[in-house]
Amino acid sequence: MNNVSESISKLPSFVPSTVNDGTQPDSGFAEVLQLACNENPRGPSSKVLSAINGAQRSLNRYPDSDGLRLKSQLAEQLGVSHFQITLGAGSSGVLDLIAKVALSPNSEVIVDEYCFTLYPVLIYSAHGELVKVSAKNWKIDFSAMLGAITPSTRLIFITNPGNPLGTCTEHAELVAFLDALPQRIWVVLDEAYFEYVRDSSFPDSVQLCKEYPNVILTRTFSKIYGLAGLRVGYSISSEIMCEMLNRIRPPFNVNSLALTAAEAALNDRVYVQKCLELNETGRVFLYQEFERMGLEYLDSQTNFVTFNCGREAAPINTGLKKRGIFVRTLANYNLPNHLRVTIGLPVENKKFVASLEQILLN
């Protein structure tokens, strides 16, 4: 183990947010309630399942390495060229490519203190250095980011809406930041949850990609489309950056079932609307219940809600696990009193609230 990358060796082990994290619910629970991973509780649409079923007959063949059909559909919907689109195994797969293209030893990446937990892994894997700046009022502090820029700064990650907080950056403040930023610095707008956003001031990130050549936009089919298990996402960038990403993109990095499912999901707008309505109903319900129990929460633009338990969250989380309910702790963000819960189906939300209340009363 002496001959391993120093950047990798200093990374902490990843802590999964699945039910297979080493803690099993007490016997007697026939089912576990997974509210830790921000998945779509409805699962894939019937059109997606039908398309996957038809594609199974060709599993002996390699997929289209370029994913041209999917990229063409995305390009048409988004008003960009398919030469600006890069596909990956989830948006995380594209983020990995971006880090490898942009970074070199001793180059710096700026993130906010509540950034997505994957970013440090990507940065150190590409031999970059992590520069973390404090947030302001639960949101990205762009003034602090500008103040952290050095000649070594190569990349800035902006998660919008944010994970794990669910808050978002508005168009005007993002444009002001981009205008003040040296164009030599790449900016990644990670929009895994953008379909859930209700705020009318949310940035038009596709347009920003057209106006600012240093902006890269990433999105995923894992959330609203219910395809987390198939792993497919994409980025929109300048054609030059796209060509660089494709130089290091592994052949066949998105499998054939994922490509087929994404193509079907992209055009099933009725399903997406139903998912949004379900999420909105669940969000309002959780807000009302948190208020009834006297718990503070952050207004979320996503499919999850982060809330303050009013005391240390670890014992509460343990109590939920013993009842077969899995949520996400945020102690690694220096938020020991907070939990993040995915908005589930109505029956799941009610079960979570009932269990949480029982634990808080004991």
- Express the C-alpha Rg of the range 86-207 as a ratio against the empirical globular expectation 2.2 N^0.38 Å, rounded to two decimals. 1.00
- Message: Largest first, please: the extent of the C-alpha atoms of the chain along each principal axis, to the nearest Å.
- Response: 58, 53, 51
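Would you kindly state how much longer the chain becomes between SER134 and ILE248 on full extension, computed as 0.36 nm times their sequence separation minus their alpha carbon distance, in nm to one decimal? Walk me through the intermediate numbers first.
Working: separation 114, 0.36 × 114 = 41.04 nm, distance 3.29 nm.
Taking SER134 through ILE248 to full extension adds about 37.7 nm, to one decimal.
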- Would you compute, from DSSP H runs of 4+ residues alone, the mean residue ellipticity of the chain at 222 nm, taking -39500 (n - 2.57) per run and dividing by the full residue count, rounded to the nearest 500? -11500 deg cm²/dmol
- Message: Which one, PRO120, PRO213, PRO251, has the greatest fluctuation when you compute a Gaussian network model over the chain with C-alpha springs under 10 angstrom?
- Response: PRO251
- Task: Mind listing the long-range amide H neighbours of ASN337? Cut-off is under 5 Å, sequence gap 5 or more, other chains count too, H placed in the peptide plane at 1.01 Å from N.
- Result: ALA313
- Item | Cross-link partners of LYS132 among aspartates and glutamates (Cα-Cα below 17 Å; sequence separation of 8 or more within a chain) | GLU108, ASP112, GLU113, ASP141, ASP190
- Query: Which residues make up the longest stretch of the chain clear of GluC sites (Glu not before Pro) that lie in a DSSP loop with no more than 16 other Cβ atoms within 10 Å, not counting the sites?
  - Reply: 171-295
- Summing Lys, Arg as +1 and Asp, Glu as -1, what charge do residues with Cβ under 15 Å from the Cβ of THR218 carry, THR218 excluded? +2
- Message: Between TYR212, TYR62, TYR234, where does the largest GNM mean-square fluctuation fall for the chain, given springs only between Cα atoms within less than 10 Å?
- Response: TYR62
- Note on the structure: Summing +1 per Lys or Arg and -1 per Asp or Glu among the other residues with Cβ less than 15 Å from ALA144's Cβ gives -2
- Over the Cα atoms of the range 29-79, Rg to Rh with Kirkwood Rh, two decimal places? 1.12
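How big is the Rg/Rh ratio for the range 24-134, C-alpha atoms only, Rh by Kirkwood, two decimals?
Checking Rg against Rh, the ratio lands at 1.07.
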- Could you name the aspartates and glutamates whose alpha carbon sits less than 18 Å from that of LYS274, not counting residues in the same chain fewer than 8 places away? GLU39, GLU195, GLU348
- Item | Cα-Cα pairs of the range 149-218 separated by more than 20 Å (percent) | 25
- Message: Around VAL133, under 11 Å between beta carbons, what's the net of Lys plus Arg minus Asp minus Glu among the other residues?
- Response: -1
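Laboratory data are not the source of any read-out in this text; all were calculated from the coordinates shown. Bear in mind that the values here come from a model prediction, so they are computed numbers and not experimental data. So basically every Cβ, Gly included, is an ideal-geometry build from the backbone, and we count neighbours across all protein chains shown.
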